[in-house]
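The values are calculated or read from the model by the stated rules, or taken from the named source; none is laboratory data. The structure presented is a predicted model; accordingly, all values stated were derived computationally and were not measured. Positions of Cβ are backbone-derived with ideal geometry, glycine not excepted, and every protein chain shown enters the neighbour counts.
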Amino acid sequence: MDDKTRGRIFISYRRSDAPGVAGRLSDTLGTYFGPDRVFRDIEDIAGGEDFASAISGTMSAADAVVVVIGPEWATVTDGNGQRRLDDPADWVATEVGSALERNVPVYPVLVEDTLMPRAEELPERLRPLAHRNAISISDARWASDTTRLAKIIALDVPGSMAERRLHRLQTAMLLVMAAAVVYTTVALTLGASDVVGDRLLLSPAEVTVNYVAVMTTVLLLVLAAPLVDPGRRRWCYAGAALGTFGSLVATVLSLLGFAQSTAPITTLILFSLSTVLVVGILSFMNLSGFKAK
């Protein structure tokens, strides 16, 4: 399954009941999980496409279903006065019933002050819905309510956009630091047979590579911090602060040492300091957990 279809979330709703809420919720969840992973019929079914086939195909591939329940969701009737929920051809009943039978996660979302329908008020096929924990959302608490919903869905459908960005940033940091370590190791190996007097194995230019890696990692940590869970975000900033402070110290030492005859000793100090910085930054990255907020 490619990244665009992995963990798809289907939003089931009645157009006559809560269309505005469904559209807004689709946009919000799309921001959290990625727009290609959230399906809503009015947006995701192309013109001229067979509606029944499109809904059926999407439902069969859905990994979670959000059921938007407004004040008329269970009571709205058709032109003959029959309750639509009791109609075997009703698409909402078909969508929800299919999800319940497939045993995929189903999340009833109650709009504003809507009450959760009781089991006896639902058709036999939909009665298990009454036993699912409902989540209320309102316009006044939209941000907090939808964030809570997204976190609950993420327990069953992992891989939010924040998690994927964090994974890419973490991979980039590790690659940058690994490249610096490999470069330094190669430089040490090639220079091992070329030691004369107090000459060091690493030149100032070679040591500089480590600090470029450190500062690149600092920048990536600053970019990653807003995506990390607030409770552990401070460790990202601590790692960035450590890298910045260490690089400033290294700059001062290099300006003082490389202009004197003791430059080789200064180079050794700088190399040791860069190693300590890399270990420290990795430790702070581990403490942050790199878990999405």
*Taking the range 209-231 as the search range and keeping residues that are at pLDDT 85 or above and among the hydroxyl-bearing types (S, T, Y), which one is surrounded by the fewest Cβ atoms within 10 Å (Cβ to Cβ)?*
T216
_With the structure loaded, tell me whether T94 is in the same structural domain as R24 (by TED's automatic domain parsing), in contact with a Pro (Cβ under 9 Å, 6 or more places away or on another chain) and assigned to a loop (DSSP other than H, G, I, E, B) or whether it fails that test._
no
*farther than 15 Å from L174 by Cα, among the charged types (D, E, K, R) and modelled with pLDDT of 80 or more, is that true of R234?*
yes
*Might you check whether a residue that is modelled with pLDDT under 90, closer than 25 Å to F33 by Cα and either among the aromatic types (F, W, Y) or surrounded by 11 or more Cβ atoms within 10 Å (Cβ to Cβ) (or both) occurs anywhere in the range 64-85?*
yes
